[in-house]
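Following: one structure in structure tokens, then a few remarks.
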Amino acid sequence: MQRFYIVEKEGVLSKNLSQKIKQTLLSENKEIDSKDPQCVITVGGDGTFLHAVHQFKHLRDVVFVGLHTGTLGFFTDYEAEEVDTLIDHLLHQEPIIESTHLLEAKITHDQSVTTLEALNEIRVENIVRTQEISVYINHEMMEVFRGNGLCVSGQAGSTAYNRSLGGAIITPGVDVLQLTEISGIHHKAYQSIGSPLVLSKDAVITFISDNFEGAKIVYDYHVLDLDKVSMVEIKTSTKKVNMARYRPTSYIKRLHCLF
């Protein structure tokens, strides 16, 4: 790794650690590159990691590694007190690259299509009124959902918003999509599947409605209005996020940060 960039969380601790990493790497003749880094180092929590991914996801070969100073550090491998270990690994070790696919959403409105990407989840949500959505799996009608909305996540995002909705946690190596309901209505007049649905990574999930007024599409921390939108199609993206693993970290131990 010759070219690097650091994305840091606000706060004194994160800024001090970021400065230490930067100065040490520069002293070892590494270069800061904000346009085409080979390695992006995040100093913060999972929110900081997501911001870094969205900033650099257009780069095919960039790798990400995180130092944890935030509230939640599921994507980060090093604690704040391990900053010297991280620096040593960056300078002297070759990482194992762990790749995970992004999610992709295509939003159809009028005669145009907008494409969005996310690492954790993409969800359609309406807190103003009950949202009716016709749900298609691989272009085959599955159900008409009524409620606040629906969430689609991959393996990486299964521990995020999906988990708070009662969705399943998916372990690495199981490359799937998961569809979970957000406050679905279930009584004798209206019924939907009512359970998380785990699908092949090659599945295509389509949401169609005559009226998305008041609804939002939330992709990671970004939000867009769905007014005048007729269809949202979600699938696994061809783009990947590459995470640099300099040392083995048990996924079971990662789960400990959730409780």
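The values are calculated or read from the model by the stated rules, or taken from the named source; none is laboratory data. Bear in mind the structure is a predicted one, so any value in this text is a computation, not a measurement. Note that each Cβ is placed from the backbone with ideal geometry, even for glycine, and that neighbours are counted across all protein chains shown.
General remarks:
- Of everything in region 125-148 that is among the polar types (S, T, N, Q) and in a loop (DSSP other than H, G, I, E, B), the residue that is farthest from ASP210 (Cα to Cα) is ASN138.
- Total residues in region 185-201, condition in contact with a strand residue (DSSP E or B) (Cβ under 7 Å, 6 or more places away or on another chain) and modelled with pLDDT of 90 or more: 6
- Filtered residues of region 25-50 (kept if hydroxyl-bearing (Ser, Thr, Tyr) and in contact (Cβ under 8 Å) with a residue 40 or more places away in the chain): THR48
- Residue-level analysis places ASN162 outside the set of residues that are within 18 Å of LEU226 (Cα to Cα), free of Cβ contacts under 8 Å to residues at least 60 places away in the same chain and either touching a strand residue (DSSP E or B) at 6+ places or on another chain (Cβ under 9 Å) or not hydroxyl-bearing (Ser, Thr, Tyr) (or both).
- For GLU213: the one exception among (1) more than 21 Å from THR76 (Cα to Cα); (2) surrounded by 15 or more Cβ atoms within 10 Å (Cβ to Cβ); (3) in contact with a strand residue (DSSP E or B) (Cβ under 6 Å, 6 or more places away or on another chain): (3)
- A single entry from ILE122, ILE169 fulfils the requirement of being in a strand (DSSP E or B) and in contact (Cβ under 8 Å) with a residue 60 or more places away in the chain: ILE122.
- Meets criteria (surrounded by fewer than 15 Cβ atoms within 10 Å (Cβ to Cβ), of a type in the set (D, E, K, R), at pLDDT below 90 and more than 22 Å from GLY157 (Cβ to Cβ)) for LYS253: no
- Qualifying positions in region 55-114 - crowded, with 21+ Cβ neighbours inside 10 Å, closer than 17 Å to SER237 by Cβ and small (Gly, Ala, Ser): ALA105
- Of the strands (runs of 3 or more DSSP E) lying entirely inside region 185-259, those carrying at least 1 residues that are assigned by TED's automatic domain parsing to the domain that holds GLN131 and among the hydroxyl-bearing types (Ser, Thr, Tyr) are 197-200, 205-208, 216-219, 229-245.
- Being surrounded by fewer than 18 Cβ atoms within 10 Å (Cβ to Cβ) and closer than 23 Å to VAL241 by Cα is a property that GLN23 lacks.
- Pair list, Cβ < 7 Å and 6+ apart or interchain, from region 77-97 residues that are in the same structural domain as ASP61 (by TED's automatic domain parsing) to residues that are among the β-branched types (Val, Ile, Thr) and in a helix (DSSP H, G or I): TYR78/THR85; VAL83/ILE21; ILE87/ILE21; ILE87/THR24
- Selection within region 81-111 - farther than 22 Å from ARG3 by Cα and in contact with a helix residue (DSSP H, G or I) (Cβ under 6 Å, 6 or more places away or on another chain): THR100
- Selected residue [of a type in the set (A, V, I, L, M), in contact with a His (Cβ under 9 Å, 6 or more places away or on another chain), within 15 Å of GLU125 (Cβ to Cβ) and surrounded by 15 or more Cβ atoms within 10 Å (Cβ to Cβ)] from VAL229, VAL152, VAL241: VAL229
- Subset of region 60-77 that is closer than 21 Å to SER158 by Cα and β-branched (Val, Ile, Thr) - its residue that is modelled with the lowest pLDDT: THR71
- Checking each residue in region 115-129 for being exposed (fewer than 12 other Cβ atoms within 10 Å of the Cβ) and within 27 Å of GLN191 (Cα to Cα) picks out VAL128, ARG129.
- Odd one out for CYS151 among (1) touching a Phe, Trp or Tyr at 6+ places or on another chain (Cβ under 7 Å); (2) without any contact (Cβ under 8 Å) to a residue 24 or more places away in the chain; (3) assigned to a strand (DSSP E or B); (4) not hydroxyl-bearing (Ser, Thr, Tyr): (2)
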